[in-house]
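Worksheet for the structure shown next.
The values are calculated or read from the model by the stated rules, or taken from the named source; none is laboratory data. Keep in mind the model is a prediction, meaning the values are calculated, not measured. Every residue, glycine as well, gets a Cβ built from its backbone with ideal geometry; the counts of neighbours run over all protein chains shown.
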Amino acid sequence: MTISKSSRRSFFYTTALLVSPFVAGSSQAFAADPELPLIAYVGTFSSPLKDTLPTQVDLPPGNGRGIHLFAVNRKTGELEPGDIVEMGTSPSCLVVNSAGTHIYSANETDRIGADKEGTVSAFSINPKTGGLELLNTVRSGGAGPTYVSIHPSGKFLLVANYFGGSVSVIPILPDGRLAEPSDVKNDAGPIGPTKAVHAPPGSFAFSGHDRTHAHMIQSDPSGRFVLHVDLGTDQILIWKFDAEKGKLSPAETPSVSLPPGDGPRHFHFHPNGKWFYSIQEEGSTLVVFDYDAEKGSLSARQTISTLPKGFKGSNFCSEILVSADGKFVYAGNRLHDSIGIFTVGENGTLTHVADEWTRGNYPRSFNFDPTGEFLYCCNQRADNVAIFKVNKTTGELVFTGNYAAVGNPSIIVFHELAGAR
């Protein structure tokens, strides 16, 4: 069912809100109902990143305006523009809670206080229209928050601060607002080399091996452990999580090292909870791990390139997704501007079967709609979101011919309007 005209008028009207000066990483898991109206939220880079090294070659110019809202045509996948939550400090990562009542943003280019910390914001979602209302904004526990996720308990926001090289735990209050961080951990350790072990021949790709750079943080399916990656130290760090106090403590095996310089960026658990896939930004690889849910430990089993055989030159990997049925893995390649498609074997290992051009430059992230019928790719430098139909039998992506214009899109998440019935 598509959104009715009356619903669209209401949707366009809702989000006219004023955002405080302090406001300028995954969508929620739920059972999809294709009969419900669907809203897409696109986070953007809305101001240039400052105080960064010139080697940070993926810095965006800040063409976005904040959080862009769209009505989704559930039959064709098309995005119809709606309101924009004007934010000048780059809400580059968004996450919707499992109840569908709130959305949280990492404001990557915000700078507050003497330490120039970034911020995170909480919004309530109008159940009938999907419109957003700002609730509050708090410090993120470090500079440049680049990823946010929600602990399975629903009580904590987990934040990775890229430029601060730290991760933090932020309590979510009963009304959806955010408290001050309950824990902050600073990454440490030797910094990897500027040349990745697995870099393609002729690559000049160098992004984050100047210091520690926490890039993603997320709980395991049980909620007992929290994992995060540091691109600068080439590590995956593993924490035990105290869900009463919102505290992190090192797991029995507190970290796993990736090949020097490869730069782990994002990761994704297989639906069975036993396999864990990480994507390396500078090495252009996927690594398959076995995950021990009792100990929270990882054992590497396979490394495979995200690029087609014979590729030479520079590339930066970005997003990784596992299909809901666990049959396929999708890997983003920036500069090559493709999504690598991999089949998942009976033991979790990957086979590269296809590549799909993203129809735009520098695919920073992509996401499935709740049904898994469509994949939406945020082409950061092309200022668009390209829409693909997913073949669930082969894993193939077929371009629909549809785009949405968005300045410097960084992430797209979805919310079904159950209250619109």
- prompt: Applying the selection to region 311-324, what residues are part of a loop (DSSP other than H, G, I, E, B) and among the hydrophobic types (A, V, I, L, M, F, W, C)?
  reply: F311, A324
- prompt: Can you find even one residue in region 133-140 that is of a type in the set (K, R) and within 20 Å of the chain's Cα centre (by Cα)?
  reply: yes
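Would you say E244 is under 28 Å from D292 (Cβ atoms), part of a loop (DSSP other than H, G, I, E, B) and of a type in the set (D, E, K, R)? Outline the logic, then answer.
Numbers: under 28 Å from D292 (Cβ atoms): yes; part of a loop (DSSP other than H, G, I, E, B): yes; of a type in the set (D, E, K, R): yes.
Here the answer is yes, as E244 does meet what is asked.
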- prompt: Are any residues in region 341-353 surrounded by 18 or more Cβ atoms within 10 Å (Cβ to Cβ) and farther than 12 Å from V322 by Cα, and if so, which ones?
  reply: H352
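Any idea which residue in region 270-287 is surrounded by the most Cβ atoms within 10 Å (Cβ to Cβ), counting only those that are out of contact with any Asp or Glu (no Cβ under 7 Å at 6 or more places or on another chain) and in a strand (DSSP E or B)? Outline the logic, then answer.
As a first pass, look at region 270-287 and keep what is out of contact with any Asp or Glu (no Cβ under 7 Å at 6 or more places or on another chain): 270-273, 276-279, 281, 284, 286-287.
Next cut, in a strand (DSSP E or B) only: 276-279, 286-287.
Values: F276: 24, Y277: 23, S278: 25, I279: 30, L286: 24, V287: 25.
It comes out as I279.
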- request: Six or more apart or on different chains, Cβ under 6 Å: which pairs go from a residue in region 371-400 that's at pLDDT 95 or above and crowded, with 23+ Cβ neighbours inside 10 Å to one that's part of a loop (DSSP other than H, G, I, E, B) and hydrophobic (A, V, I, L, M, F, W, C)? Could you list them?
  value: V385/V406
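Looking only at region 288-310, filter to residues that are part of a loop (DSSP other than H, G, I, E, B) and of a type in the set (A, V, I, L, M, F, W, C); which one of those is farthest from L231 (Cα to Cα)?
The initial filter retains those residues of region 288-310 that are part of a loop (DSSP other than H, G, I, E, B), namely 293-296, 306-310.
Within this subset, residues satisfying the condition of being of a type in the set (A, V, I, L, M, F, W, C) are 293, 307.
Values: A293: 24, L307: 20 Å.
Restricting to residues being part of a loop (DSSP other than H, G, I, E, B) and of a type in the set (A, V, I, L, M, F, W, C), the top hit is A293.
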T109 being at pLDDT 95 or above, surrounded by 24 or more Cβ atoms within 10 Å (Cβ to Cβ) and polar (S, T, N, Q): no
field: Residue match in region 162-181 (condition: buried (at least 18 other Cβ atoms within 10 Å of the Cβ), out of contact with any Leu (no Cβ under 8 Å at 6 or more places or on another chain) and over 26 Å from Q380 (Cα atoms))
entry: yes
- request: Identify all residues within region 325-350 that are assigned to a strand (DSSP E or B) and farther than 16 Å from I279 by Cβ; write none if there are none.
  value: T343
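Quick one: how many residues across region 294-314 are farther than 11 Å from A331 by Cβ and out of contact with any Phe, Trp or Tyr (no Cβ under 8 Å at 6 or more places or on another chain)? It would help to see each step written out before you state the result.
In the first step, residues of region 294-314 are kept if they are farther than 11 Å from A331 by Cβ; the result is 294-303, 308-314.
Those still in the list that are out of contact with any Phe, Trp or Tyr (no Cβ under 8 Å at 6 or more places or on another chain) too: 294-295, 302-303, 308-313.
The qualifying residues number 10.
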- request: Filter region 70-87 down to residues that are within 13 Å of P37 (Cβ to Cβ) and among the charged types (D, E, K, R) and give me whichever is surrounded by the most Cβ atoms within 10 Å (Cβ to Cβ).
  value: R74
- request: Answer yes or no: is there a residue in region 253-265 that is over 30 Å from L335 (Cβ atoms), over 19 Å from the mean Cα position of the chain (by Cα), in a strand (DSSP E or B) and not charged (D, E, K, R).
  value: yes
- prompt: When you go through (1) out of contact with any Gly (no Cβ under 7 Å at 6 or more places or on another chain); (2) modelled with pLDDT of 95 or more one by one for T351, which number turns out not to apply?
  reply: (1)
field: Filtered residues of region 216-233 (kept if over 26 Å from T101 (Cα atoms), in a strand (DSSP E or B) and in contact with a Gly (Cβ under 8 Å, 6 or more places away or on another chain))
entry: D230
- prompt: Does at least one position in region 163-179 carry a residue that is among the acidic types (D, E), at pLDDT 95 or above and within 18 Å of G113 (Cα to Cα)?
  reply: no
- prompt: Of all residues in region 288-312, which are surrounded by 14 or more Cβ atoms within 10 Å (Cβ to Cβ), small (G, A, S) and under 24 Å from K195 (Cβ atoms)?
  reply: A300, S305
Pair list, Cβ under 6 Å, 6 or more apart: region 218-239 residue closer than 18 Å to L258 by Cβ, other residue surrounded by 24 or more Cβ atoms within 10 Å (Cβ to Cβ) and of a type in the set (V, I, T): H228/V167; H228/I217; I236/V229; W239/V226
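Matching residues to (1) among the hydroxyl-bearing types (S, T, Y); (2) part of a strand (DSSP E or B); (3) more than 28 Å from N315 (Cβ to Cβ):
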residue	(1), (2), (3)
G164	no, no, no
V167	no, yes, no
E180	no, no, yes
A188	no, no, yes
G202	no, no, no
G208	no, no, no
